[in-house]
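A short write-up of the structure that comes next.
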Amino acid sequence: MAQAGSQAEILAAIMRERRSVRAYLPDSIPDEVLNACFDMAILAPTSHNLECWQMIDVRDPARLTALRHCCLDQAAATSAPHLIVAVARPDLWRRGRALMLDRIEREKADPALPASLRDFLPRFERKYRLLIPFLFEDGPLHMLAPLKHLLVWGKAWFQPMMRGPFGRWEQAIWAVKTAALACENFMLALTAHGFDSCPMEGFDAPRVKRLLGLPRRAEIVMVIAAGRRAEGGTIPQIRHDRQHYVLRA
């Protein structure tokens, strides 16, 4: 219990230290630190293990200048040495499915795999061969989405059903949620390494997508400014009592 308490205290300290910093020193974050933080982002919860998100660490000086302008030249964007663009990519579900099927095949070939997990793998494989395409395949002109909604609506009269995500809009929301979880892990990891961040929503998304050559279905979730805070880089934090957020039902 003492160890658990210590871990809780460390996590609480990191979360309290993490602030949205708006002014940065010019010093860059070492690549090994950034890579370690990206590794922590990958550990975030991810729906269906499909990991339909990307983080683009913009390094090209010309693109970085243009990206700062796309972020409305706000202080965090112009002073931070690093800007990382977090992108939800629902269109990458096929890549995630293929990676999972490949992993399942490698696990099946492992003679050291525990029997309990080996018995579970066929059900897991059926999910990626059957359920995932059912959820995410839209068909020509996205015609399958309303048909799937109708099918699930009918079955849901008799039993609880997972109702999507079907169609482009639902899948965009689904991918944004997963990407946001990864962003929080990334920013907390930066704090643990002694660096700071600011998740920015003030940006021109179509211009950012054009700047980075992103496809139409990509959704810019946030642009994260990162570096080491300068003096006066934070403003007073305002939070309200727990009763405004936590309900009991």
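The values are calculated or read from the model by the stated rules, or taken from the named source; none is laboratory data. Model, not experiment: these values are computed from the prediction. All Cβ positions, even for glycine, are placed from backbone atoms using ideal geometry, and neighbour counts span all protein chains on display.
When each of 169, 153, 157, 174 is tested for being closer than 30 Å to residue 40 by Cα, of a type in the set (Phe, Trp, Tyr) and loosely packed, with under 14 Cβ neighbours inside 10 Å, the lone residue that passes is 169.
Within region 202-228, residues that are free of Cβ contacts under 8 Å to residues at least 24 places away in the same chain and assigned by TED's automatic domain parsing to the domain that holds residue 55 sit with their Cβ atoms under 9 Å from residues that are surrounded by 15 or more Cβ atoms within 10 Å (Cβ to Cβ) and assigned to a loop (DSSP other than H, G, I, E, B), at 6+ positions apart or across chains, in these pairs: 209/218. Taking region 78-92 as the range and being small (Gly, Ala, Ser), farther than 17 Å from residue 177 by Cα and either out of contact with any Asp or Glu (no Cβ under 9 Å at 6 or more places or on another chain) or not assigned by TED's automatic domain parsing to the domain that holds residue 222 (or both) as the test, only 79 passes.
Which residues, taken from region 232-241, are more than 15 Å from residue 74 (Cβ to Cβ) and touching a residue at least 40 places away in the same chain (Cβ under 8 Å)? Scanning region 232-241 gives 232, 237. Of all residue pairs spaced 6 or more apart or on separate chains, those with beta-carbon atoms under 6 Å, a first member in region 77-95 that is farther than 19 Å from residue 211 by Cα and a second member that is surrounded by 22 or more Cβ atoms within 10 Å (Cβ to Cβ) and among the polar types (S, T, N, Q) are 90/171. Residues that are under 27 Å from residue 204 (Cα atoms) and either of a type in the set (Lys, Arg) or out of contact with any strand residue (DSSP E or B) (no Cβ under 6 Å at 6 or more places or on another chain) (or both) within region 221-235 comprise 228, 229, 232, 233, 234, 235, listed in sequence order.
Under the condition of being free of Cβ contacts under 8 Å to residues at least 60 places away in the same chain and closer than 24 Å to residue 200 by Cα, the residues counted in region 145-179 number 3. Residues in region 153-190 that are more than 17 Å from the chain's Cα centre (by Cα), farther than 18 Å from residue 133 by Cα and not small (Gly, Ala, Ser): 153, 155, 157, 158, 159, 160. A Cβ distance below 6 Å, combined with a sequence gap of six or more or placement on separate chains, defines the contacts here; from region 127-144, residues that are in a helix (DSSP H, G or I) reach residues that are modelled with pLDDT under 95 in the pairs 144/138. The residues listed here are 172, 156; of these, the one that is farther than 17 Å from residue 55 by Cα and of a type in the set (Gly, Ala, Ser) is 156. Of the residues that make up region 203-216, is at least one more than 22 Å from residue 64 (Cβ to Cβ) and either modelled with pLDDT under 95 or buried (at least 18 other Cβ atoms within 10 Å of the Cβ) (or both)? Checked region 203-216: at least one residue is more than 22 Å from residue 64 (Cβ to Cβ) and either modelled with pLDDT under 95 or buried (at least 18 other Cβ atoms within 10 Å of the Cβ) (or both). Looking across region 208-226, the residues that are on the phi < 0 side of the Ramachandran plot and of a type outside the set (A, V, I, L, M, F, W, C) come down to 209, 210, 215, 216, 217, 219. When residue 39 is tested against (1) touching a strand residue (DSSP E or B) at 6+ places or on another chain (Cβ under 8 Å); (2) in a helix (DSSP H, G or I); (3) acidic (Asp, Glu), exactly one condition is not met: (1). Which residues, taken from region 4-36, are in contact with a strand residue (DSSP E or B) (Cβ under 8 Å, 6 or more places away or on another chain) and part of a helix (DSSP H, G or I)? Selection gives 34 alone.
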